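The values are calculated or read from the model by the stated rules, or taken from the named source; none is laboratory data. Keep in mind that what you see is a predicted model, and the values were worked out from it rather than measured. Every residue, glycine as well, gets a Cβ built from its backbone with ideal geometry; the counts of neighbours run over all protein chains shown. What goes into the accessible areas is simple: the full protein's heavy atoms, side chains included, and nothing from ligands, DNA or RNA. Shrake-Rupley method; radii C 1.70, N 1.55, O 1.52, S 1.80 Å.
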Amino acid sequence: MSSVPCRLGSRPAQTGDGRARQPCKGSCAGTDPPNRSPRTSAGAVAGHLQLNGAVLPVACRHRQLTWRTVWCGGGRSAVTVSGARDVLDGTALLCWGRTCLAGLEHRREEINALNVFPVPDADTGTNLLATMRAAVEAAEAAGASRANTEASEDGSAAHAVAVAMAHGATVGARGNSGIILSQVLRGVAEAVDGGPFTADSLRVALTRASELVREALSVPIEGTILTVLDCAAAAAAGCPDRTLAGVALAAADGAAKALGDTPFQLGVLREAGVVDAGARGLVVLLDSLVTMTRGEAPARPEYPRPSSVARCASADDAEPQYEVMYLLAHSDESRVAALRARLGELGDSVVVVGDGGGSWSAHVHCADAGAAVEAGIAAGTLSRIRVENVTFGPHLDVWSAPGNRAGVAGAGNEPNPAALAADARTWPARTGDTARSVPTADSTQVVAGALGSAAAKPPGAPADRGILAVVAGAGAASLFEDAGAVVLAGDEPVTATALLAAIRRMPNREVLVLPNGALPAHELVAVGVAARDAHRDVLLLPSASMVQGLAALAVHDRGRIAVDDAFTMSEAAATTRWGSLCAATERALTMVGTCEPGDGLGLAGHDVVVIEPDVRAAGRTLLDRLLAFGGELVTLLMGAAAPEGLGDELAAHIAQHFPGVEVIVYSGGQQGDSVQIGVE
């Protein structure tokens with residue numbers, strides 16, 4: 001079946017009853033003339049669905065599409081959406097993921113406002129959104145949406161999409177709620193093994209997800225997303241309807257009813273006058289499935305937000321608490337169970353989950369972040385370690401009025417910067433990889449603090465924000481200083497103590513740090529945890545080299561709020577592929593063979609990938625490899641040991657073999673590397 005494009009939502013039309021209708025301008029279906037019955041059309045549909053004031057993207061392939069007018073947002077608007085269907089193939093499952101993503105984006109502020117348990121840090125909506133985004137992007141990166149053709153009637157496409165989404169959510173999970181969401185998607189993946197997603201698949205998926213979540217939690221707490229997921233599974237199992245649409249509606253209604261009961265089950269919710277935030281996110285997911293299968297969204301009540309939330313006592317009185325997350329590989333179920341038990345001894349909110357394919361994600365709130373990391377090392381191989389200070393200081397009132405929040409990261413339109421920094425693609429891809437939006441498996445994300453009250457500024461007021469960069473070489477230091485950064489000299493090895501002292505010397509309330517590869521990840525974790533205090537908010541950005549740091553500084557804007565600035569800079573650094581050139585000083589064995597003294601070595605990231613007789617030849621070969629995946633701008637930061645004329649020679653090579661690519665050559669003066677190369 002060929003794909004026929006269609007766009008919904010350009011200019012209003014009229015249906016037979018005179019209501020506003022969104023016209024279709026593609027070739028699959030036009031606007032229904034007045035007084036004409038709905039019709040069906042085959043093909044792929046890509047458009048927008050407006051739900052309660054939010055415009056949600058729709059992009060699905062169906063054999064039959066029944067168009068109807070649906071009233072949303074209290075009867076204020078109407079749109080045309082596709083009708084009910086009994087199964088979801090691979091493309092429709094991915095469309096459901098995108099609809100969930102749009103729904104969570106629309107409800108993020110509401111869910112953040114409801115977040116009072118387990119930690120009232122107003123980031124549950126942001127974490128769910130980031131996790132779902134990772135799931136959808138993983139499915140798209142795997143090419144699952146293109147694999148759904150008429151030849152894939154065996155359901156393999158649906159299974160491939162579901163598995164990719166489950167894996168993406170597991171490795172990209174943010175927070176306690178994000179990890180639990182990953183298990184809902186894993187339940188879907190296990191349920192569609194061997195066929196499309198049906199009513200029976202939904203029953204199995206919810207039941208399996210409920211089992212997985214209970215197994216993953218060290219201490220299950222009722223009145224949370226756990227209870228609501230159980231109720232959704234029970235409602236689906238008890239639904240006599242044989243259609244997917246009917247079972248989806250039963251599950252969503254069961255979850256919504258259970259959501260309303262959560263304040264009666266959990267005291268902290270009752271005291272705050274709110275429902276559980278994570279469970280509200282689950283209802284969004286199930287309602288999105290109803291929208292996909294029935295063509296209309298269920299009506300839900302407006303859930304009240306708290307007028308005030310009692311926070312912890314001041315930071316001086318409260319024991320520091322950290323949220324620790326990391327990915328775990330090369331482990332097994334017995335070692336994972338031991339890790340879960342150990343984390344339970346160290347703190348609370350313990351969740352350790354897997355994707356069913358050998359990857360696990362761990363989460364804990366504890367006072368000893370180092371011990372939590374050590375427990376993970378004992379269980380397997382760690383990557384993407386994430387530590388955030390979640391101790392609340394003297395910000396006793398986060399909301400001054402319902403819906404009017406200030407002073408905490410993640411509130412309103414200011415999502416939690418830790419989640420954003422992690423969502424900003426973390427460390428760059430190694431050579432041979434193209435720039436990817438899903439973080440690489442061997443990356444490590446280090447986050448310290450949350451840009452809270454210091455990030456809240458009156459409109460138009462300059463931010464009290466400084467940038468600290470670790471830089472080697474006099475020329476490179478001048479470049480960073482000219483861009484507005486404070487430089488910590490990195491000509492000699494920089495210690496964690498020196499970096500911490502430099503951060504504390506910064507006079508700014510907000511400090512963004514560009515480590516530029518000066519310290520290993522585990523030391524950055526320690527610095528990040530120690531640097532944040534009640535008077536200063538600190539965020540370490542993912543720059544593994546000076547050329548990545550320069551890319552980040554190029555997009556720095558003091559006029560933006562802190563979280564937006566950190567996100568943009570992190571993204572610029574992480575999407576810059578980088579390498580370096582140096583001369584071998586002794587005979588050594590590398591991953592590409594044995595080098596002799598004087599050989600030119602080309603490194604992609606920290607790995608030797610090129611050995612040539614001299615540095616000039618190595619530079620040409622390395623550039624060919626780095627630019628094989630494309631690029632618009634190449635930065636050459638020349639070191640003190642660079643041979644005379646090397647910069648001009650490499651620039652000429654790029655101009656000859658990669659026309660259209662811009663080249664900038666700087667004199668860095670750094671020792672060790674003859675050249676650092678950045679490709680953007």
* Asked: So which of GLY187, GLY178 ends up being surrounded by 23 or more Cβ atoms within 10 Å (Cβ to Cβ), over 24 Å from GLU296 (Cβ atoms) and at pLDDT 90 or above?
  -> GLY187
* Asked: When you scan the stretch 612-680 for strands (runs of 3 or more DSSP E) that lie fully inside it, which ones turn up with 3 or more residues that are open to solvent by less than 50 Å² (accessible area, probe 1.4 Å)?
  -> 633-638, 675-679
* Does the stretch 247-261 contain any residue that is under 23 Å from ALA102 (Cα atoms), more than 28 Å from the chain's Cα centre (by Cα), at pLDDT 90 or above and open to solvent by less than 10 Å² (accessible area, probe 1.4 Å)? -> yes
* To do: Could you grab me the full set of residues in the stretch 302-335 that are modelled with pLDDT under 50 and open to solvent by 70 Å² or more (accessible area, probe 1.4 Å)?
  => ALA310, ASP316, ASP317
* Asked: Hey, SER201 hits all of (1) more than 26 Å from VAL364 (Cα to Cα); (2) surrounded by fewer than 22 Cβ atoms within 10 Å (Cβ to Cβ) but one; which does it fall short on?
  -> (2)
* What residue, of ALA122, ALA173, is touching a Lys or Arg at 6+ places or on another chain (Cβ under 9 Å), open to solvent by less than 10 Å² (accessible area, probe 1.4 Å), aliphatic (A, V, I, L, M) and at pLDDT below 90? -> ALA122
* Hey, which of the helices (runs of 4 or more DSSP H) in the stretch 219-302, taking only ones fully inside, have at least 3 residues that are β-branched (Val, Ile, Thr) and at negative phi? -> 225-237, 277-294
* **Tally, over the stretch 100-115, of residues that are open to solvent by less than 10 Å² (accessible area, probe 1.4 Å) and within 15 Å of MET165 (Cβ to Cβ)** => 2
* Single match in SER349, SER359 (criterion: closer than 24 Å to ALA162 by Cβ, open to solvent by 20 Å² or more (accessible area, probe 1.4 Å), of a type in the set (S, T, N, Q) and at pLDDT below 90) -> SER359
* Quick one: count up the residues across the stretch 563-602 that are on the phi < 0 side of the Ramachandran plot, of a type outside the set (Phe, Trp, Tyr) and part of a strand (DSSP E or B). => 14
* **Among (1) within 14 Å of VAL547 (Cβ to Cβ); (2) among the aliphatic types (A, V, I, L, M); (3) touching a residue at least 60 places away in the same chain (Cβ under 8 Å), the one test that VAL634 misses** => (3)
